[in-house]
Every structure is written in structure tokens, then in C-alpha cells.
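K.L.:
Okay, here's the structure, questions in a sec.
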Amino acid sequence: MKCPFCGYLEDKVVDSRESREGDAIRRRRECLKCERRFTSYERIDEIPYMVIKKDERREPFDRTKIMAGLLRACEKRPVPSSKLDAIVNQIEKYVQESPERERPTSKIGEMVMRRLKELDKVAYVRFASVYLEFEDVTEFMHELKTLVRSRQSGGSSAATKRP
């Protein structure tokens, strides 16, 4: 730490404590050359969690975007908000556990679809129709038929990919 008075590069820490907000450490220092005291603050720089979009752009993870998509998909459906909050929490945890602090939105979308498929089939179809970007009614019908088949067989397999 450079002394603000004489520019000397060596000092000793006289006192150290956390700031009132708890987001920084306040240190009282004494210059070893001019013996004057000064204060420094240390803050942790948070690197934001990022998502990798389909076009390879990166943007900060935003849990409100996921919640907004879930709310749209579940509009007028008997789905408790606590279940939606649990889905968002699970996805946020998934993003935060990445050692690179990045996750592709494709994996996040698949997780949302898988959870919605278990929770509410109509909400799942609504979400999938936007997320999978169906080009026409044929693709949409294919997904619906797959959903009906899995319901008739009693299975709840993971979300299917478009043909």
C-alpha cells in the first residue's frame, strides 16, 4: 500500500475491522517512513454469474427472467407460486455451481421444461412452444403427440428435441 502522504510503499496495519454494511474491510495503517496514519478499504469484487445465449453472447444471469417465463407459461393454471419459486431456486443453484461461472441457456431451458412437464402439462406446452421456437403447426403437433404418448405409457421422460 502506497502512503498517501510520502509515497513510501511499506506500512503496518494498526487496526482492522469490517464496515457497518459488512461489504468491506476497513484497515488503519501506519507508514513505516513518515509514521502518519491513513485508512484503506478492501472490497470483494463479485464476478457475475453469466449465461451463454444461443448466439454465443453472454449476459448476466437474471432469475427474474426465468420467473417471468414461468409465470407466462403458468398463467391461469393451478400452479402454486411456491413451486415456481422452487424451480427458479434450483436453476439459480445450477448456475452458481458452475466452476466457470457460466451456463448455456439451452441447459437452463431444458431444466425448466423438465420441471414444468412434471408440474403442469399445459404450462409445459406453452413454455416449450416459445422455447423450442416451433416453425409450424407440424412441429407443435409432434411435441403434443409425444406428450400424450408419454402420458398414456405413464412415463415422464425428459423434454424431447424437435425433429
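The values are calculated or read from the model by the stated rules, or taken from the named source; none is laboratory data. This is a predicted model, so every value here is computed, not measured. Please note: Cβ atoms are built from the backbone with ideal geometry, for glycine as well, and neighbour counts cover all protein chains shown.
Each row is one residue, and each column tells you yes or no for (1) among the small types (G, A, S); (2) closer than 26 Å to E143 by Cα.
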position	(1), (2)
E10	no, no
R20	no, no
R26	no, no
Y49	no, no
K65	no, yes
S98	yes, no
V112	no, yes
K121	no, yes
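K.L.:
Looking only at the range 31-47, decide whether some residue is in contact (Cβ under 8 Å) with a residue 40 or more places away in the chain, surrounded by 10 or more Cβ atoms within 10 Å (Cβ to Cβ) and closer than 30 Å to G109 by Cα. Full working, then the answer.
P.N.:
Keep residues of the range 31-47 that are in contact (Cβ under 8 Å) with a residue 40 or more places away in the chain, which gives 47.
When the remaining residues are screened for being surrounded by 10 or more Cβ atoms within 10 Å (Cβ to Cβ), the result is none.
No - not one qualifying residue is present in the range 31-47.
K.L.:
Filter the range 133-146 for residues that are at pLDDT 70 or above and under 15 Å from E110 (Cα atoms) and give the result.
P.N.:
E143
K.L.:
May I ask you to verify whether M1 is among the aliphatic types (A, V, I, L, M) and assigned to a loop (DSSP other than H, G, I, E, B)?
P.N.:
yes
K.L.:
Select from the range 1-30 the residues that are touching a Phe, Trp or Tyr at 6+ places or on another chain (Cβ under 6 Å) and of a type in the set (D, E, K, R) and write down the one among them that is surrounded by the most Cβ atoms within 10 Å (Cβ to Cβ).
P.N.:
So in the range 1-30, the residues touching a Phe, Trp or Tyr at 6+ places or on another chain (Cβ under 6 Å) come out as 4, 24, 26, 29.
Checking which are of a type in the set (D, E, K, R) leaves us with 26, 29.
Values: R26: 14, R29: 19.
Restricting to residues being touching a Phe, Trp or Tyr at 6+ places or on another chain (Cβ under 6 Å) and of a type in the set (D, E, K, R), the top hit is R29.
K.L.:
Given the options R77, R72, name the one that is basic (K, R), at pLDDT below 95, under 24 Å from R126 (Cβ atoms) and part of a helix (DSSP H, G or I). Talk me through it step by step, then tell me what you get.
P.N.:
Values: R77 fails: part of a helix (DSSP H, G or I).
Exactly one residue qualifies, and that residue is R72.
K.L.:
Quick check on S19: is it of a type in the set (S, T, N, Q) and in the same structural domain as V125 (by TED's automatic domain parsing)? Lay out the reasoning, then the answer.
P.N.:
Numbers: of a type in the set (S, T, N, Q): yes; in the same structural domain as V125 (by TED's automatic domain parsing): no.
Spelling it out, it is not the case that S19 is of a type in the set (S, T, N, Q) and in the same structural domain as V125 (by TED's automatic domain parsing).
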